[in-house]
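The values are calculated or read from the model by the stated rules, or taken from the named source; none is laboratory data. Just so it is clear, the model here is predicted, and its values are computed rather than measured. Each accessible area value is taken on the protein alone, full model and side chains, heavy atoms only, with ligands, DNA and RNA left out. Shrake-Rupley method; radii C 1.70, N 1.55, O 1.52, S 1.80 Å.
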Amino acid sequence: MTQQGAALQTYNNELVKCIEELCFKRDELNKLIQQEEAEKARLQHDIRVLTEKLSRVNESLAHRLNARAEFDRTIAETEAAYMKILESSQTLLSVLKKETGNLAKAAEPRSSKDH
């Protein structure tokens, strides 16, 4: 019976050793899980911060794009109006030159042949 008792003791010791190894491996795995969960939480926080920042940048960009479109529209309208002013000025100058020429002819002393 002593042999059986010794064998049983050996099995018991090996079993305890295996259980301790499994517990150690589980604890190591648990540490890795905790590290990855902490990293996951940091990444989720970073994503949230970056998402909020992206949202603010998108809003700002949309506002600036609208402002630029308004500038473009105002510039185009102003340039078109300026071109109309130039055309009107050119027309006015032509009319004025023609009228000045006509007035100059009318103001010239008439020669005796004209009577």
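Quick look at the numbers
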{"quantity": "Of all accessible heavy-atom area on region 1-70, the percent that carbon and sulfur account for (1.4 Å)", "calculated": "59 percent"}
{"quantity": "Candidate residues R73, R48: accessible-area rank, largest first, probe 1.4 Å", "calculated": "R48, R73"}
{"quantity": "Probe 1.4 Å, all protein chains present, accessible-area order of Y11, Y82, largest first", "calculated": "Y11, Y82"}
{"quantity": "Ranked order, H45, H63 - accessible area, probe 1.4 Å, largest first", "calculated": "H63, H45"}
{"quantity": "Where region 45-115 is the region considered: accessible area per residue in Å², 1.4 Å probe", "calculated": "96 Å²"}
{"quantity": "Candidate lysines for bridging to K105, where Cα separation is under 28 Å - those fewer than 8 sequence places away on the same chain excluded", "calculated": "K97, K113"}
{"quantity": "Rounded to 10°, Cα long-axis angle of helix 2-107 versus longest principal axis of the chain", "calculated": "0 degrees"}
{"quantity": "Whole-number D in µm² s⁻¹ for the chain, Kirkwood Cα-pair radius fed into Stokes-Einstein, 10 °C, 1.306 mPa s", "calculated": "63 µm²/s"}
{"quantity": "For L93, solvent-accessible area (1.4 Å; no DNA, RNA or ligand), Å²", "calculated": "90 Å²"}
{"quantity": "Candidate lysines for bridging to K25, where Cα separation is under 23 Å - those fewer than 8 sequence places away on the same chain excluded", "calculated": "K17, K40"}
